[in-house]
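Working notes for the structure below.
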Ligand SMILES: [Zn+2]
């Protein structure tokens, strides 16, 4: 049974805050493990970890409330995360259950029972960019069109990303132009470069620069222009609550950097949707 909203609201709130503390402490212990590899003193490391386990145990003891989910199996043993630096699937699912309780819902009700597993699976896709190497995507240059040196423009590349501040989606279109020197890449490769960076926690500014950086470093073009226009749901849903506001970021390098005519040419080609 889930606690009624009016029954002991304080107790419920404290229990949830403790859950959030557990999650925070666990993630802290992962970070400590990472520092161990970089030569942190082992005794201090062990002391810190066992102190955290004690804190966790203290948090669990006064929790007879029925809405507290059972301890994940991973809490009974040394988590893989300690060995690998990355939490196990069980730990990730437990974290989702914690957030569901934090939001005020009951992770054990029928509609939410499989949600942690679904969220963790979805994360594999929407944050799949961490496992992808954008440099490798551009490695194959089509030499046969090497004689072509005028502008190459790929516009309206759709993307879906998540802002790193709120983990809320932002989405929109990316436009990329460059003047080739040593060759051009398949147009779909540029779309995949955008995708690789979009499927990470991002700021729009960083993503725009990363796209320009990787194209610049691999293709060595005479100039590159990247424009990203996006709507941020964290602005639409919370805070100022303005829907339909589009944020535009640009990066101009090489031939585009100091030549206003080149920038105008790029912007005209992007806007000229004939
Ligand atoms: Zn945000």
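Throughout, read-outs are computed from the coordinates displayed, never taken from laboratory work. The structure presented is a predicted model; accordingly, all values stated were derived computationally and were not measured. Note that each Cβ is placed from the backbone with ideal geometry, even for glycine, and that neighbours are counted across all protein chains shown.
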What does the highest-first list of 87-95, 104-112, 224-232 look like by mean Cβ count within 10 Å? 224-232, 87-95, 104-112
Listing 184, 264 by rising number of other beta-carbon atoms within 10 angstrom, fewest first, gives 264, 184
Can you tell me the relative contact order of the stretch 136-271? Whole percent, Cα pairs under 8 Å, sequence separation 6 or more. 25 percent
Ascending count of other beta-carbon atoms within 10 Å, so fewest first, for 273, 220, 189, 182: 273, 182, 220, 189
What is the packing order of peptides 115-121, 256-262, taking the mean over residues of other C-beta atoms within 10 Å and listing the highest first? 115-121, 256-262
Could you please rank 138, 267, placing first whichever residue has the fewest other Cβ atoms within 10 Å of its Cβ? 267, 138
